[in-house]
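Asker: Got a structure here, written out as structure tokens. Questions coming.
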Amino acid sequence: MSDNQVRIPKYARAGVAFAGVEIQDTFILLGGVLVGFIAGAFLNLGIKAFVGIPIICYLANTWYLDWKEDAPAGHLTAMLFRLGFKGYSRAFPTANMVYVGDSNALNPASHTLIAKSLQDAVRQGDQ
């Protein structure tokens, strides 16, 4: 084997890497470059916008990636669900959904299945 070292980006997968991370994780930086160009060229904010906005977005992107590394899997989805911005499915569109009903099962045959499983559990506990 060769002694050549290959540097693998921190969050690399099979996709395209940019600035050491996956392209999908650099949207803040890429958006900042675009906003900086528009603000610098069309709003006449000059070098402050051309350089300042991308630098601020780069720092925000590194903060986001550090936070993403320390957060458990699914943390962002769970937080957005709690705040009501994202749902898990059509059955759970937001955390604020209140379901009104009784405790009766929709399938009457399930009552006999539950009773049978409870009897089996009691029998196994006795043995």
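The values are calculated or read from the model by the stated rules, or taken from the named source; none is laboratory data. Remember, it's a predicted structure, so these values are computed and weren't measured experimentally. All Cβ positions, glycine included, derive from the backbone under ideal geometry; neighbour counts span all protein chains shown.
Asker: Every residue in region 60-84 that is surrounded by 10 or more Cβ atoms within 10 Å (Cβ to Cβ) and among the hydrophobic types (A, V, I, L, M, F, W, C), please.
Answerer: Matches in region 60-84: Ala60, Trp63, Leu65, Trp67, Ala71, Leu76, Ala78, Met79, Leu80, Phe81, Leu83.
Asker: Answer with yes or no whether Gly87 is surrounded by 14 or more Cβ atoms within 10 Å (Cβ to Cβ), in a loop (DSSP other than H, G, I, E, B) and out of contact with any Asp or Glu (no Cβ under 6 Å at 6 or more places or on another chain). First the steps, then the outcome.
Answerer: Values: surrounded by 14 or more Cβ atoms within 10 Å (Cβ to Cβ): yes; in a loop (DSSP other than H, G, I, E, B): yes; out of contact with any Asp or Glu (no Cβ under 6 Å at 6 or more places or on another chain): yes.
Judged against the criteria, Gly87 is a match.
Asker: In addition: Inspect region 86-100 for any residue being charged (D, E, K, R) and under 30 Å from Ile28 (Cα atoms) and give the result as yes or no.
Answerer: Of the residues in region 86-100, the ones charged (D, E, K, R) are 86, 90.
From what is left, the residues that are under 30 Å from Ile28 (Cα atoms) are 86, 90.
Within region 86-100, one or more residues are charged (D, E, K, R) and under 30 Å from Ile28 (Cα atoms).
Asker: Consider only pairs whose beta carbons are under 6 Å apart and that are at least six residues apart or on different chains; among these, list those whose first residue lies in region 25-40 and is in contact (Cβ under 8 Å) with a residue 12 or more places away in the chain and whose second residue is loosely packed, with under 15 Cβ neighbours inside 10 Å and not small (Gly, Ala, Ser).
Answerer: Hits for this filter: Thr26/Phe18.
Asker: Among the residues of region 40-91, count how many are over 19 Å from the mean Cα position of the chain (by Cα) and farther than 23 Å from Ile23 by Cβ. Please lay out each step first, then the result.
Answerer: Of all residues in region 40-91, those over 19 Å from the mean Cα position of the chain (by Cα) come to 40-59, 91.
Right, trim to farther than 23 Å from Ile23 by Cβ and you get 40-49, 52, 91.
Result for region 40-91: 12.
Asker: Which of the residues that make up region 91-127 are of a type outside the set (S, T, N, Q), loosely packed, with under 10 Cβ neighbours inside 10 Å and modelled with pLDDT under 80?
Answerer: Answer for region 91-127, where residues must be of a type outside the set (S, T, N, Q), loosely packed, with under 10 Cβ neighbours inside 10 Å and modelled with pLDDT under 80: Ala91, Val98, Tyr99, Val100, Gly101, Asp102, Leu106, Pro108, Ala109, Gly125, Asp126.
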